[in-house]
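J.: Okay, handing you the structure first.
No lab work stands behind these numbers, since they all come straight from the coordinates. Quick caveat: nothing in here was measured; it's all calculated off a predicted structure. Every residue, glycine among them, receives a Cβ derived from its backbone with ideal geometry; neighbour counts consider all protein chains shown.
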Amino acid sequence: MTLNRRTFTTGVLAGAGALAAGFPRFSIAQAKAKVVVIGGGAGGATAARYIARDLAEKIEVTLVEPSRAFTTCFFSNLYVGGFRSFDSITHTYAKVGAGGVALAHDMASAIDRAKREVTLAGGQRLAYDRLVVSPGIDLKWDSVPGWSEAAAAVMPHAWTPGAQTRLLRAKLDAVKDGETIVMTVPNNPYRCPPGPYERVSMFAWQLKSTGRTKTKIVVIDAKAAFSKQAVFQEGWEKHYPGMVVWMDPKMHGGLKAVDPAAMTVTTDLETIKAGMVNVIPAQWAGKIARDAGLANESGYCPINPESMASTVDPNVFVIGDACVPGDMPKSAFSANSQAKVAALAVRGALAGQQVFPARYANTCWSLIAAGDDIKIGGRYEAKDGKITALDTFVSKPGEEAALRMQNYEESLGWYAGITADMFG
Amino acid sequence: MAGGAARAGMVLRAVAALAAPAGAADAAYGEYLAAECSTCHLRSGDFKGIPSIVGLPEADFIAALRAYRDRSRENVVMQTIAKSLSDADMAALAAYYHRLGTKR
Ligand SMILES: Cc1cc2nc3c(=O)[nH]c(=O)nc-3n(C[C@H](O)[C@H](O)[C@H](O)COP(=O)(O)OP(=O)(O)OC[C@H]3O[C@@H](n4cnc5c(N)ncnc54)[C@H](O)[C@@H]3O)c2cc1C
């Protein structure tokens, strides 16, 4: 290795920092820098792979993730609609491990930021020079009166992936023609702004495909407007006339309670007896991030938009759904994009790699019916102290069928692309 | 025609070398920009719904991005991305993806 000005400077700075903190990590020549990544989802898996790429002799990356197989939330609605198999949205970490990332299949139970150490549920301790935190969201179990973690077995959320997604599909299959389906949707911010409405579309697609068109899907929304609203509503009228009843707070007056035993949903307006209820509760950053003091009063973790470093600790990067993403939505695309900004900052700090200005992008595709796919997206930069949208776009009502079909093809390509980016 | 495009490519590469931070940074700069592409365009070069961009002739690569930037080519996602790319950026990306093709 040639000693250039940059690696020299980095070494001196890191050494000084380490001494000040009382941990002479860099005192042994050639010691590898240590990176721990918490969470093997859209943000964490991407970050781990991008940090480790071609730098195995300089940086040791450990990915902490309890699951050995990761089922994506993205495209889980397409599983519900019958467009994807469960297997096709489930991925292993085999290639992540083969790509130079050490895997610790465990839960991180604590972060000691002063010591720069992560403790795992199994007791193992992992020291770090830089930490990337991407635990996604936790559900607020008490945000819907009458609902709870136990009640999710009866009224599924399916907002974290896996067993809940299968349960949701099983419940949908059991709905009898003419029974009502109710979905409750939280206020912003939450994971995947268009997700609930794509899910409504996939419910309707399944019902229509199986001759259950007398069933109504009632959406009790906490918001007065939603992502891609004009094109979703146009699509519902076109493909599923009369089947979707979307209610904003002015119409239902507020969600009062759900009753899992009676299978009812009560608003200020009425009590609805349902054949199936999908409760999408309010959310906040994964517990590990909140416990480490990385979140603010919003329940999410503020970051520096130039690097994704936490505003409370420059050695810690928070990416994905757990962060305060400025103008970006909480999406897998965003998490993947943020991961690359964080990865470059980490490589710059620990391996002397040249760091360039943060670039962010997002596109979210949603399927309304077979071949009818819509999209919303944009590009973002660090500006005015946050991740700021520069150019945005959204599908428009009345677009040609060929364009919508092309969107669908594109979404399939995106899924293949991002999952290869995450898992190899 | 082809000669003109190739010359344009060379000029652009020269521009890239000037605009992007110097020397070996060229490759690093291409890799940095390319990270944005690989969310959708597979680095394996496979087609699964989104066209492969691995191993494309550099002039074609640049021509496609310019067409998105001036909106003569349709696709709102690519138009949005291309709008953020300078000629030098496009040249760095073209060189990066060309090299990636020869590595495989
Ligand atoms: C129905 C639905 C549809 C969606 N559709 C799309 C879509 O079409 N496009 C799109 O871009 N996005 C979509 N999303 C959003 C997308 O799934 C999330 O935004 C994305 O997964 C966020 O990535 P993340 O890394 O923040 O969290 P996640 O992907 O959830 O990953 C977090 C990981 O951290 C792990 N973890 C948590 N705590 C710990 C701990 N203490 N220790 C170790 N590991 C821990 C978890 O096990 C998990 O694997 C959708 C979401 C839903 C619910």
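J.: Shielding of B:50-63 by partners, i.e. mean partner chain Cβ atoms within 10 Å per residue?
T.: 1
J.: To the nearest 20 debye, what is the magnitude of the charge dipole of chain A about its Cα centre, counting +1 on the Cβ of each Lys and Arg and -1 on the Cβ of each Asp and Glu?
T.: I would put it at about 720 debye.
J.: Considering all projection directions equally, how large on average is the shadow of the alpha-carbon convex hull of chain A, in square nanometres?
T.: 21.0
J.: Further question on the same structure: Please report the antiparallel percentage of DSSP beta bridges with both residues in the protein assembly as shown, rounded to the nearest 5. Walk me through the numbers on the way to the answer.
T.: Values: 39 of 71 bridges.
Given both bridge residues lie in the protein assembly as shown, the antiparallel proportion sits at roughly 55 percent.
J.: Could you give the C-alpha radius of gyration of region B:25-99 expressed as a fraction of 2.2 N^0.38 Å, taking N as the number of residues it contains?
T.: Cα Rg divided by the expected 2.2 N^0.38 Å: 1.01.
J.: Shielding of A:362-370 by partners, i.e. mean partner chain Cβ atoms within 10 Å per residue? Before the final figure, lay out the partial values.
T.: Numbers: counts 2, 6, 0, 1, 0, 0, 0, 0, 0.
The mean count of partner-chain Cβ atoms within 10 Å per residue comes to 1.
J.: Let me ask you something else. For a quick check: with amide H placed at 1.01 Å from N, whose amide H comes under 5 Å from A:Gly41's, ignoring anything fewer than 5 positions away on the same chain?
T.: none
J.: In sequence order, what are the phi-derived ³J(HN,Hα) couplings for region A:254-264 according to the Karplus relation 6.51 cos²θ - 1.76 cosθ + 1.60 with θ = phi - 60°, rounded to whole Hz, with x for glycine and proline?
T.: Along region A:254-264, the couplings run x, 7, 8, 5, 10, 10, x, 6, 8, 6, 10 Hz.
J.: Along Cα→Cβ, 7 Å out, is where each label goes; now give me the distance between the ones at A:Ala121 and A:Leu390 in nm to one decimal.
T.: For A:Ala121 paired with A:Leu390, the spin-label model returns 4.2 nm.
J.: Could you name the lysines whose alpha carbon sits less than 25 Å from that of A:Lys386, not counting residues in the same chain fewer than 8 places away?
T.: A:Lys223, A:Lys228, A:Lys287, A:Lys330, A:Lys340, A:Lys375, B:Lys83
J.: Show that you can apply the helix-only estimate: for the protein assembly as shown, add -39,500 (n - 2.57) for every DSSP H stretch of four or more residues, divide by all residues, and state [θ] at 222 nm to the nearest 500.
T.: Helix contribution divided over all residues of the protein assembly as shown: -11500 deg cm²/dmol.
J.: To make sure I understand, if each residue's beta carbon is the centre and we count other beta carbons within 10 Å, what order do A:Arg125, B:Arg43 fall in, fewest to most?
T.: A:Arg125, B:Arg43
J.: Also, I was wondering about something else. Setting aside same-chain residues fewer than 8 positions from A:Lys115, which aspartates and glutamates have a Cα under 12 Å from its Cα?
T.: Candidates past the 8-residue exclusion: A:Asp129.
J.: Hey, how much of the P(r) for region A:134-288 falls beyond 26 Å, as a percent of Cα pairs? Walk me through the numbers before you get to the answer.
T.: On the way: 2356 of 11935 pairs.
The share of Cα pairs beyond 26 Å in region A:134-288 comes to 20 percent.
J.: Applying the Karplus parametrisation 6.51 cos²θ - 1.76 cosθ + 1.60 with θ = phi - 60° to the phi angles of region A:99-112, what ³J(HN,Hα) value in whole Hz is obtained for each residue in order, glycine and proline being reported as x?
T.: Each residue's phi maps through the Karplus curve to give x, x, 9, 6, 9, 10, 7, 7, 8, 7, 9, 7, 10, 9 Hz.
J.: In whole Hz and in residue order, list the ³J(HN,Hα) couplings for region B:46-55 that follow from phi through the Karplus curve 6.51 cos²θ - 1.76 cosθ + 1.60, θ = phi - 60°; x for Gly and Pro.
T.: Working through the residues one at a time gives 6, 9, 10, x, 10, x, 6, 10, 7, x Hz.
J.: Next up: Which angle between 0 and 90 degrees, to the nearest 10, do you get for helix A:332-351 versus the longest principal axis of chain A when only C-alpha atoms count?
T.: Roughly 0 degrees between the two axes.
J.: Can you list residues whose amide H is under 5 Å from A:Met183's amide H, if they're 5+ apart or on another chain and H is modeled 1.01 Å from N?
T.: A:Val218, A:Val219, A:Ile220, A:Asn278
J.: Order these by the 10 Å Cβ neighbour count, fewest first: A:Met243, A:Met251, A:Met183, A:Met422. Display every interim value, and only then the final one.
T.: Working: A:Met243 20, A:Met251 14, A:Met183 23, A:Met422 28.
The order, fewest Cβ neighbours first, is A:Met251, A:Met243, A:Met183, A:Met422.
J.: Starting from the Cα of B:Asp60, step 7 Å along the direction of its Cβ; do the same at A:Asp291; then give the gap between the two resulting points in nm.
T.: Rounded to a tenth, the inter-label distance reads 5.3 nm.
J.: Helix A:5-20 against the longest principal axis of chain A: what's the angle in degrees, Cα atoms only, rounded to the nearest 10?
T.: 90
J.: I've got another one for you. Could you compute how fast region A:30-75 diffuses translationally, taking Rh as the Kirkwood radius over C-alpha pairs and applying Stokes-Einstein at 20 °C with viscosity 1.002 mPa s? Give it in µm² per second.
T.: 187
J.: Based on other C-beta atoms within 10 Å, arrange B:Ser84, A:Ser76, A:Ser310 from fewest to most.
T.: Going from sparsest to densest Cβ surroundings: B:Ser84, A:Ser310, A:Ser76.
J.: Something else now. How high is the FRET efficiency from A:Ala102 to B:Glu74, r the C-beta distance, R0 51 Å, rounded to 0.05?
T.: Efficiency, rounded to the nearest 0.05: 0.70.
J.: Can you list residues from other chains, or at least 5 along the same chain, whose modelled amide H is less than 5 Å from the amide H of A:Cys323?
T.: Sorted by chain and number, the residues that satisfy this are A:Cys301.
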